[in-house]
1. From the residues Leu135, Ser173, Pro154, which one has its Cα farthest along the dipole of the range 126-174 in the positive direction, the dipole being from +1 and -1 charges on Cβ of Lys/Arg and Asp/Glu about the Cα centre?
2. Give me the number: length gained by fully extending Leu312 to Arg186, i.e. 0.36 nm times residue separation minus the C-alpha to C-alpha distance, one decimal in nm.
3. When we measure straight from the Cα of Lys440, which lysines land under 16 angstrom away, once same-chain ones fewer than 8 places off are left out?
4. Using every alpha carbon pair in the range 195-254, what percent of pairs falls into each 5 Å bin from 0 up to the bin containing the largest distance?
5. So what's the projected area for the range 173-215, the Cα convex hull averaged over all directions, in nm²?
6. On full extension of the chain, what length is gained from His198 through Glu295, given 0.36 nm per residue of separation minus the C-alpha to C-alpha distance?
7. If each Cα of the range 200-356 is one equal point scatterer, what is log10 of I(q)/I(0) from the Debye formula at q = 0.08, 0.18 Å⁻¹?
8. Looking at the range 151-276, I'd like the Rg to Rh ratio, where Rg is from alpha-carbon atoms and Rh is Kirkwood's inverse mean 1/r.
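Only the coordinates and a few stated rules stand behind these numbers; no lab work does. As the structure is a prediction and not an experimental result, all values here were calculated from the model. When we count neighbours, we look across all protein chains shown, and the Cβ atoms used for this are built from the backbone with ideal geometry, even at glycine.
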Amino acid sequence: MAVILFFYPHIPNYYFLRFLNMLLHFLHFLSRSRQTLTAVAFMMPALVVSAQSGYDSSSDVSRFSSAYVSNYDSLLNSYYLRNYRERLSRHNQWVSVEDFDHVPDSVIARRLAALHTVIPMTYNRQVRAYIRMYLNKMSTRLDVTLSLADYYHPMFEEVFARYGVPEELKYLSIVESAMNPLATSRVGAAGLWQFMYHTGKLYDMEVNSVVDDRRDPHRSTVAAARYLHDLHYIFGDWTLAIAAYNCGPGNINKAISRSGGKRDFWQIYPYLPAETRGYIPAFIAATYVMNYYPEHGLRVHRFALPIHSDTLLLHNDALFCYVSQFTGVSMDELRSLNPQYRVDFIPAASGRYTICLPTNKIDLMIRYEDSVYARTTDSLSKAPVEVEDYHPVAKSSRKSGRHGGATHVVRRGETLSSIARQHGTTVTALRKKNKLRNDKIRVGQRIKL
C-alpha cells in the first residue's frame with residue numbers, strides 16, 4: 001500500500017479508482033483474510049474522497065465562511081437589529097479555534113451521534129473543518145443567530161412537520177442565508193432558503209419587479225419544505241436530497257452515474273460540484289455548533305426580537321407611506337416585516353396579498369383601511385410606482401430646517417429615490433419641493449421634505 005500511495009499523485013483519478021477496486025478483489029482472492037479486508041475497506045472512503053484531482057477543501061470552507069459573514073453583517077442593518085448593535089458589541093466574545101483543535105475526534109463524533117436526528121450526522125475531517133470555521137465565525141455572532149433561531153425555528157418546525165421533513169433541516173437556513181430573508185447570492189438566489197427564480201416559480205412563488213415571495217419567510221419555508229420532500233421522494237435519501245437542493249437533481253444523477261451507480265453522498269462525493277462537496281459538511285457543522293456551543297465556552301445573551309406580529313389580507317392596492325401614516329408603524333419597520341415587497345407598494349388589487357404588522361397595530365389598519373386605499377389610488381393616478389430595489393439606510397439624518405419643515409442631509413450612497421422611500425414621499429415631490437432639474441444630489445446636500 002505504501003508503494004501505491006507513493007505513486008498516487010501521478011495516477012489519473014479514473015485509473016486509480018479502478019486499480020484500487022482490482023486490488024481489493026486480488027487481496028480477497030489471495031488471503032481470504034477478514035483482517036486484511038477490513039483494513040483495505042477502512043481506507044477506501046478516505047482514498048476515494050481524496051481522489052478528486054486538484055480539490056482543495058480549504059477553498060470551500062473559505063467560500064462558505066465569506067457567504068455566512070456577508071449575509072450576517074447585512075442583517076445588522078435591519079430595523080429590529082440596529083437597536084441591539086451596542087449590546088451585541090458588549091456581549092459578543094471571540095473564541096480561539098486553537099482550543100477546538102485540542103478536542104479529540106472521538107468526542108465530536110460521540111456528540112453528533114447523540115443528536116436524535118433522522119439525517120445521519122457523519123463525522124470526518126471535512127465536517128471538522130466546517131465546525132472549526134463556524135465556531136470561529138459564530139462566536140462573535142451567536143447572540144443574533146440564536147435570537148433569530150428563537151424567532152424563526154418554531155415556524156420552520158411547524159411547516160416541516162406538516163410536509164414530513166426532518167426537523168434538523170431548520171439548521172440548513174444558517175448555511176443558506178445566515179437566516180437573512182433579504183440575502184441574495186452572486187447568482188441571484190434569494191431569501192432565507194436561497195431559491196433561484198425558476199425553482200421559486202415552480203413552487204408557486206411570485207417573483208416580479210414588485211413582489212418577490214422568495215423573501216417571504218413563511219411562503220419560502222413552505223416552498224423549501226415541498227422541494228426537499230420532493231427531492232427525498234426522487235432519491236430516497238435525505239443526504240442526497242440536501243445535496244440536490246444545493247446543486248439540482250441533475251448534477252446528483254450525473255454523480256451517481258459517474259460513480260458506477262452508488263447512491264451514498266460520501267461515495268459520490270468526488271463527482272459532485274465543488275460547492276456541493278462542502279454543503280453537507282457545512283450543514284452537519286451548523287447543526288453541531290447550534291447544539292453544542294456551550295461545550296466550547298460560548299456564553300449567549302439572547303434577546304427577544306420585539307416582533308409580535310399578525311397578517312391582514314388586503315383588498316386593494318396600498319402604499320407603505322399611507323399604511324405608516326394611519327397606523328404609526330415606521331417605514332423601516334414595515335419593510336422589515338414585509339421583505340417580500342421590493343418597493344413600498346402592495347399590489348393587492350391584482351391578487352391575494354397580505355401585510356404583516358405589529359399585533360397592536362392591526363386594529364388601526366382595519367379602522368383606516370379604506371383611507372389607505374383611497375390615498376393610494378389618488379397617488380397612483382398622479383405618478384406610477386417607481387420600481388427599484390430597496391437598500392436599507394443605516395441611520396436617518398432627518399433634521400428640522402431653519403425655515404420650518406424638515407430636511408434630510410444626504411449621506412454617501414443615498415439617491416433621491418432612496419430618500420423618498422425613507423420618508424414616505426416620491427421623487428417627483430422631492431424634485432418639485434427642492435426645485436431640482438434632475439435626480440442628481442451630492443453628499444452633504446440638504447433636501448427639503
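1. Result: Leu135, furthest along the dipole toward the positive end.
2. Taking 0.36 nm per residue and subtracting the Cα distance, the gain is 42.0 nm.
3. Lys432, Lys448
4. Final binned percentages: 4, 20, 27, 21, 15, 8, 3, 1.
5. 2.8
6. Gain on stretching His198 to Glu295: 30.7 nm.
7. Debye output, listed in q order: -0.39, -1.05.
8. Radius of gyration over Kirkwood radius for the range 151-276 works out to 0.98.
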